[in-house]
Amino acid sequence: MSYMFEVYYRPPADLAKEESVTKRVVALGGRLDYREDIPVNGRGGICLTFDFDSLDMAAKAADVLRKSGEHVEGPVDYGP
C-alpha cells in the first residue's frame, strides 16, 4: 500500500520553495510524485503530491511541514 499527502501554496510558482519542501520530504522518506498548477479564472494554487511507503513516515513528514507553516492535506492511502 502507498500513502500520500498534498502540499498547497498560493501562486506564483516558487521553485526555491518547492525544492526546499521536496528536500525535507525526501529526507523523511517520501518522494515527489506530481506537481500541478490549479488555475481557475486566475485563482487557485500550486499542489505538490508526495508518496510514501509507510503511513507513519507520511504522518511524520506532514507534521514537520505543518509545523513549518505549510498547508498539507492528508496523509491518505493510495490503495495497493
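Bear in mind these aren't lab numbers, they're just calculated from the coordinates by the rules spelled out. All of these numbers come straight from a predicted model, not from anything done at the bench. Please note: Cβ atoms are built from the backbone with ideal geometry, for glycine as well, and neighbour counts cover all protein chains shown.
Once you place label points 7 Å from the Cα toward the Cβ at D63 and S2, how far apart are they in nm?
With each label placed 7 Å out from Cα toward Cβ, I get 2.5 nm.
Consider all pairwise Cα distances in region 2-79 and report the whole-number % of them above 21 Å. Could the numbers behind the result be given before it?
On the way: 635 of 3003 pairs.
The share of Cα pairs beyond 21 Å in region 2-79 comes to 21 percent.
Taking the chain as a Gaussian network, where each spring joins two C-alpha atoms under 10 Å apart, which residue of G44, G29, G69 fluctuates the most?
G69
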